1. If I ask for residues that are assigned to a strand (DSSP E or B), more than 14 Å from residue A:82 (Cα to Cα) and among the hydrophobic types (A, V, I, L, M, F, W, C), which ones from region B:35-67 would you list?
2. Which of (1) more than 7 Å from chain A (Cβ to nearest Cβ); (2) of a type in the set (Val, Ile, Thr); (3) crowded, with 18+ Cβ neighbours inside 10 Å is the odd one out, the single condition residue B:49 does not satisfy?
3. Just a yes or no: is a residue in region A:32-51 out of contact with any strand residue (DSSP E or B) (no Cβ under 9 Å at 6 or more places or on another chain) and among the hydrophobic types (A, V, I, L, M, F, W, C)?
4. (1) at the interface with another protein chain (Cβ under 7 Å from one of its Cβ atoms); (2) modelled with pLDDT under 95: which one isn't true of residue A:70, the others all being true?
5. Out of curiosity, is residue A:20 over 18 Å from the mean Cα position of the chain (by Cα) and assigned by TED's automatic domain parsing to the domain that holds residue A:85?
6. Looking at residue B:82 and the list (1) crowded, with 18+ Cβ neighbours inside 10 Å; (2) at the interface with chain A (Cβ under 7 Å from one of its Cβ atoms); (3) more than 13 Å from the chain's Cα centre (by Cα), which single condition is not satisfied?
Amino acid sequence: MIRSELITKLAEENPHLYQRDVERIVNAIFEEIIEAMAKGNRVELRGFGAFSVKKRDARVGRNPRTGESVAVEEKHVPFFKAGKLLRDRLNGHDG
Amino acid sequence: MAGKTLTRMDLSEAVFREVGLSRNESAQLVERVLELMSDNLVEGGQVKISSFGTFSVRNKTARVGRNPKTGEEVPILPRRVLTFRPSHLMKDRVAAGNRR
């Protein structure tokens, strides 16, 4: 399923909404999650999962082609952990 | 880092601000989006949200694990796990936003 299929499905289920509003709704949800993480916040969606930011320390990396050492700066990366309910559902427990 | 935790309520609030729906309907739509994504994953599908990321299900084979406390061997059954691969856009925005 891709973003547009999600929007189409949601629009079909909500005939009282304009498709372009459904599009804005779906986009607003994903945008809010990215914005939260960009501010260093966590987004916890019980049953589904949690989005958080992990810090990667600065390190000395190596250019794999030349073998040359390069300094890699500290950085922050997005992380997602599936919630218990979803993990259980993936493995056939509960409906 | 701020270290605040957002929940469904904050997402509903974002939807509420974006379109002129009631708070209640906004909350229901957020819930439905999560359900549609979950159902698709449970059915074994991939959920690909452009400029956000891709959720996919991977099959793990059985292996022998060990209880780290007691050293006891325990079988780990085959199972399905969910992985999320953030888009480049998300990675860039998260990296830029958290840079000191």
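1. Within region B:35-67, B:49, B:64 meet the criteria.
2. Residue B:49 satisfies all of (1) more than 7 Å from chain A (Cβ to nearest Cβ); (2) of a type in the set (Val, Ile, Thr); (3) crowded, with 18+ Cβ neighbours inside 10 Å except (1).
3. no
4. (1) is the only condition that residue A:70 fails.
5. So residue A:20 fails the test.
6. For residue B:82, the exception is condition (3).
A quick yes/no check of all residues on (1) touching a residue at least 40 places away in the same chain (Cβ under 8 Å); (2) more than 20 Å from residue A:89 (Cβ to Cβ); (3) away from every other protein chain (no Cβ under 12 Å); (4) surrounded by 14 or more Cβ atoms within 10 Å (Cβ to Cβ):
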{"position": "B:55", "(1), (2), (3), (4)": "no, no, no, yes"}
{"position": "B:58", "(1), (2), (3), (4)": "no, no, no, no"}
{"position": "B:65", "(1), (2), (3), (4)": "no, yes, yes, no"}
{"position": "B:70", "(1), (2), (3), (4)": "no, yes, yes, no"}
{"position": "B:75", "(1), (2), (3), (4)": "no, yes, yes, no"}
{"position": "B:88", "(1), (2), (3), (4)": "no, yes, no, no"}
{"position": "B:93", "(1), (2), (3), (4)": "no, yes, no, yes"}
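Each row is one residue, and each column tells you yes or no for (1) touching an Asp or Glu at 6+ places or on another chain (Cβ under 8 Å); (2) surrounded by fewer than 16 Cβ atoms within 10 Å (Cβ to Cβ); (3) modelled with pLDDT of 95 or more; (4) part of a strand (DSSP E or B).
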residue	(1), (2), (3), (4)
A:26	no, no, yes, no
A:47	no, no, no, no
A:53	no, no, yes, yes
A:66	no, yes, no, no
A:76	no, no, yes, yes
A:80	no, no, yes, yes
A:86	no, no, yes, no
A:92	no, yes, no, no
A:95	no, yes, no, no
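The values are calculated or read from the model by the stated rules, or taken from the named source; none is laboratory data. Since this is a predicted model, take the numbers as computed values, not measurements. Using ideal geometry, Cβ is built from the backbone for each residue, glycine included, and neighbour counts are taken over all protein chains shown.
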